[in-house]
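Okay, structure first, notes after.
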Amino acid sequence: MLPANAALLRCPHCGALKEIFQLASGNTFGATLWSDTKQIAPMLPRVSYIQRCPSCGRYFFYSQNVKAGSSNSYGGGSGELPLEYLKEALIQLQPTGNDEQSLRFYILWAFNDRYGHKEVSEIPAEEWEFHMDNIQHLLQMNIDTLVRAELYREMGDFEQAIQILNSLEVADNMKSIHSQLLQQAQQHNRKVFVIYGEIQRNALTLDKYREETYTPSKYDEEDSCHLPF
């Protein structure tokens with residue numbers, strides 16, 4: 001993994017800046033993949049597609065439209081958000097199309113970070129209801145068939161998951177994933193599980209969330225080519 005100068009994002013709502021890490025190069029060596037499609041790769045960390053402004057607290061999508069150059073630092077966070085903030089983002093942004101699908105998958109992963117290893121009886125009722133509603137929305141979208149089967153499995157609709165999996169002809173490189181999903185569905189297990197890898201999955205909670213507004217240093221001011229604004 002080779003870091004690059006951190007990206008500066010400008011909030012489209014209030015104009016404040018935040019610093020996000022960037023890579024010059026990376027790889028997926030040592031990655032862990034879970035059944036809900038979440039992947040953590042130590043040498044290729046993910047920047048969140050949904051960002052929160054540390055100044056005004058509003059949300060926006062990470063795209064070229066919000067980039068405002070780069071800093072002289074190799075630091076910056078990923079912008080990862082806890083489940084509570086992702087829910088707020090869904091209400092505030094009211095996204096459609098690919099943006100909605102992306103945000104709903106981030107919500108799915110954040111829910112499973114926190115509750116994916118627990119029994120339904122251990123999950124707060126309002127959280128489970130929200131999770132089920134989120135999955136129903138994802139099932140109405142254009143998603144991969146294996147992922148569709150996984151979502152039915154996570155809902156506890158094992159019969160539907162098994163039916164989908166048994167009807168599929170999968171490529172050789174997907175047979176192991178298919179086999180594991182089918183086995184878990186046949187065992188009536190709705191919990192998220194590791195497809196491959198050894199990294200532990202942890203939930204980001206509100207008390208651990210930290211982001212600060214970026215203020216240009218004298219070094220940035222001396223090197224204005226990094227700050228095209």
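The values are calculated or read from the model by the stated rules, or taken from the named source; none is laboratory data. None of these values were measured; they are calculated from a predicted model. Heads up, the Cβs are rebuilt from the backbone with ideal geometry, glycines too, and the neighbour counts pull from every protein chain shown. Keep in mind that these areas ignore ligands, DNA and RNA; they rest on the heavy atoms of the full protein, side chains included. Shrake-Rupley method; radii C 1.70, N 1.55, O 1.52, S 1.80 Å.
Listing for the model above:
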item: Charge dipole (debye, nearest 20) of region 83-229; +1 at Cβ of Lys and Arg, -1 at Cβ of Asp and Glu; result: 540 debye
item: Which of Tyr74, Tyr209 is most accessible, then next, and so on - probe 1.4 Å; result: Tyr74, Tyr209
item: Max mean-square fluctuation residue, GNM over the chain, Cα-Cα springs under 10 Å, options Ser73, Ser25, Ser48; result: Ser25
item: Most mobile listed residue (Asn134, Asn189, Asn202) in the chain, GNM with C-alpha springs under 10 Å; result: Asn202
item: Accessible area in the full protein assembly, largest first, 1.4 Å probe, for Phe130, Phe193; result: Phe130, Phe193
item: Between helix 145-155 and the chain: long-axis angle, C-alpha atoms, 0 to 90°, nearest 10; result: 80 degrees
item: Dipole magnitude (debye, nearest 20) for region 1-147, charges at Cβ of Lys, Arg, Asp, Glu; result: 700 debye
item: Residue-level accessible surface for Asp172, protein heavy atoms, 1.4 Å, Å²; result: 120 Å²
item: Count of lysine pairs in the chain with Cα separation under 19 Å (8 or more residues apart, or interchain); result: 9
item: Potential lengthening between Leu2 and Ala31 on full extension [0.36 nm per residue; Cα-Cα distance subtracted]; result: 8.8 nm
item: Gaussian network model of the chain, Cα within-10 Å springs - most flexible of Gln39, Gln64, Gln183; result: Gln64
item: Two-site label geometry, Thr205 and Glu84: point separation in nm, points 7 Å out along Cα→Cβ; result: 1.1 nm
item: Rounded to 10°, Cα long-axis angle of helix 97-115 versus longest principal axis of the chain; result: 70 degrees
item: Loop trypsin sites (Lys or Arg not before Pro), region 6-97, which have at most 15 other Cβ atoms in a 10 Å radius of their Cβ (DSSP); result: Arg46
item: Mean residue ellipticity (222 nm) of the chain, computed from DSSP H runs ≥ 4 via -39,500 (n - 2.57), nearest 500; result: -11000 deg cm²/dmol
item: Contact order normalised by residue count of the chain, Cα under 8 Å, 6+ apart, percent; result: 26 percent
item: Relative contact order [Cα under 8 Å, 6+ residues apart], region 111-185, whole percent; result: 22 percent
item: Contact order relative to length of region 1-126, as percent, for alpha carbon pairs under 8 angstrom and 6 or more apart; result: 25 percent
